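See structure below.
The values are calculated or read from the model by the stated rules, or taken from the named source; none is laboratory data. Remember, predicted model here, so these are calculated numbers, not experimental data. Positions of Cβ are generated from backbone atoms using ideal geometry, with glycine treated the same way; all protein chains shown enter the neighbour counts. Please note that ligands, DNA and RNA were not included when accessible areas were found on the heavy atoms of the full protein model with its side chains. Shrake-Rupley method; radii C 1.70, N 1.55, O 1.52, S 1.80 Å.
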Amino acid sequence: MKILLIGAGGREHALAWQLAQSDRCRELYCAPGNAGIEECAECIDIQADDSEALVAFAIEKAIDLVVVGPEGPLVAGLTDRLHEKNIAVFGPTAAAAQLEGSKGFMKDLCTKYNIPTAAYSRFTVLEDAKEFITAHGVPLVIKADGLAAGKGVIIAATIEDAEQAAEDMLSGTAFGQAGQSIVIEEFMDGEELSVFALADGKTVIPFSSAQDHKRVGEGDTGPNTGGMGAYSPAHMMTEALEQKIYNQIMQPTIDGMAKEGCPFTGVLFAGIILVDGEPKLLEFNVRFGDPECQTLMMRLDYDLLDILTAGAKGLLTDVIDEIYWREDTALCVVMAAQGYPDSYEKNTLITGIDAADVMPETKVFHAGTKRNKSKDILNTGGRVLGITSRGETISTAQINAYKAVEKINWPKGFFRRDIGWHALKKDQRNIATKSISC
Ligand code: GLY
């Protein structure tokens, strides 16, 4: 098969790495890709938002399957443009991508199909929003309706903060067009996990779980980022919880989307919070998480191309009986440029990646990297490398990943030293309980 993968991040490197291992993968292209993806795909100089050039390229190369990594092109309708030319795509249409592209759409769907989520109201007029905030009281969560690069969610602890967030969003100051409609919802307190499923328009199958570390600082402190690390599976996930999430959230969503006339094909990534042990939906994304995807791909023990092809053709449950996973835990440590998530220097030199890449059970996935004329690796973005390792336990996965991180020499980079700490704390509690009961 000839495959075109869209995107340039660590998620796309992990997908390319798995796709390239398929016996059926004859040609793999990535637009635009990065310096790491070059090892397994031909990178082409077309940006992910240039749908006209991507469609033209897919026609010229007679591409059999397009896999779309990031949400932007999906919400903008790349899948629809490709379908118009009869090109198979794993990724939702613009109508289905509203699950991530419009927080209000997602919440309304939950109400209509009885999917457990926080109580909410939608606003476009500031005075109405302020009246609601005063009547409801705080804490409240204020969300920009549209895509805001992961920054459009404010947890407000005071009435003043809530009103300010609503004003910044509705006036367009904060997130432009994306904030001109907002959702205000009740604050839910609990532990969060990322749950993944694959859908083919009609059916949905589980695709494991992960937990990411969104804050920049150790102990989950400081500003939010795209993710400073992750591990999979999520330590809170049990068979019973997974079943509940499927019955109460994933399946009703796929059924509801089909009933609404926008069947969902692609990755359904649910941000779940456990409130008193019960799963509630925080948000949907319509693509793999980054860096969660890196940990999933390290654990996957099945031909990814077979899965995605079946999904794109509406044959997921006809073709796939059960997806196999390695028993191990995988853990990813993100290395980022100093200053991230604010401003940071670009084109700084990184060495030692090859030495890290050959460490046992380890793969270094690139995100914001390029090669200069001398073939040195330079950073082009904020999140730059995802050092991902497997281990029999979360603890060994963590040890393996940090041993590999030590091989990398990047004076202008930084990383968190505590990825996996929630799960490790639980492991230690279990060990302590066992030694007491002995
Ligand atoms: N790591 C969170 C996300 O991909 O949205």
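The table below lists the values:
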quantity: Residues of region 152-162 satisfying the condition of being within 16 Å of the ligand (Cβ to nearest atom) and buried (at least 19 other Cβ atoms within 10 Å of the Cβ); calculated: GLY152
quantity: Listing of helices (runs of 4 or more DSSP H) fully contained in region 50-129 that carry 3 or more residues being farther than 28 Å from GLU186 by Cα; calculated: 51-60, 78-84
quantity: Residue in region 81-88 that is of a type in the set (S, T, N, Q) and closer than 17 Å to MET257 by Cβ present; calculated: no
quantity: Every residue from region 190-203 that is within 15 Å of ASN285 (Cα to Cα) and of a type outside the set (Asp, Glu); calculated: LEU193, SER194, VAL195, PHE196, ALA197, LEU198, ALA199
quantity: Those residues of region 163-193 which are acidic (Asp, Glu), open to solvent by 50 Å² or more (accessible area, probe 1.4 Å) and under 17 Å from LYS130 (Cα atoms), in sequence order; calculated: GLU167, ASP168, GLU186
quantity: Every residue from region 194-218 that is open to solvent by less than 40 Å² (accessible area, probe 1.4 Å), away from the ligand (no atom under 16 Å from the Cβ) and assigned to a loop (DSSP other than H, G, I, E, B); calculated: GLY201, THR203
quantity: Only listed residue being away from the ligand (no atom under 16 Å from the Cβ) and open to solvent by 10 Å² or more (accessible area, probe 1.4 Å), chosen from MET237, MET257, MET250; calculated: MET237
quantity: Top-ranked residue of region 109-135 - restricted to ones that are farther than 17 Å from GLN180 by Cβ and free of Cβ contacts under 8 Å to residues at least 12 places away in the same chain, ranked as surrounded by the fewest Cβ atoms within 10 Å (Cβ to Cβ); calculated: ALA135
quantity: Checking ALA178 against (1) within 30 Å of ARG416 (Cα to Cα); (2) within 16 Å of the ligand (Cβ to nearest atom), the condition it does not meet; calculated: (1)
quantity: Region 269-283, subset out of contact with any Leu (no Cβ under 8 Å at 6 or more places or on another chain) and within 14 Å of the ligand (Cβ to nearest atom), residue most open to solvent (accessible area, probe 1.4 Å); calculated: GLU283
quantity: Single condition ALA149 does not satisfy, out of (1) open to solvent by less than 30 Å² (accessible area, probe 1.4 Å); (2) closer than 30 Å to GLY311 by Cβ; (3) not in a strand (DSSP E or B); calculated: (1)
quantity: Residue match in region 252-266 (condition: of a type outside the set (S, T, N, Q) and under 18 Å from GLU192 (Cβ atoms)); calculated: no
quantity: Pick from region 1-45, criterion in contact with an Asp or Glu (Cβ under 6 Å, 6 or more places away or on another chain) and in a helix (DSSP H, G or I), ranking: most open to solvent (accessible area, probe 1.4 Å); calculated: ARG11
quantity: Looking only at region 349-373, and only at residues there that are open to solvent by 10 Å² or more (accessible area, probe 1.4 Å) and assigned to a helix (DSSP H, G or I), the one that is nearest to MET298 (Cα to Cα); calculated: ASP357
quantity: Test: ASP328 is more than 16 Å from the ligand (Cβ to nearest atom) and either among the aromatic types (Phe, Trp, Tyr) or closer than 15 Å to PHE90 by Cα (or both); calculated: no
quantity: Helices (runs of 4 or more DSSP H) enclosed by region 225-323 - at least 3 residues per element that are over 29 Å from LEU28 (Cβ atoms); calculated: 239-245, 251-259
quantity: Pairs, first open to solvent by less than 10 Å² (accessible area, probe 1.4 Å) and more than 11 Å from the ligand (Cβ to nearest atom) in region 284-306, second in a loop (DSSP other than H, G, I, E, B) and of a type in the set (D, E, K, R), C-beta under 7 Å, six or more apart; calculated: LEU305/ARG24
quantity: Pairs, first without any contact (Cβ under 8 Å) to a residue 60 or more places away in the chain and within 19 Å of ASP45 (Cα to Cα) in region 1-28, second open to solvent by 10 Å² or more (accessible area, probe 1.4 Å) and outside any loop (DSSP other than H, G, I, E, B), C-beta under 6 Å, six or more apart; calculated: GLU27/LYS2
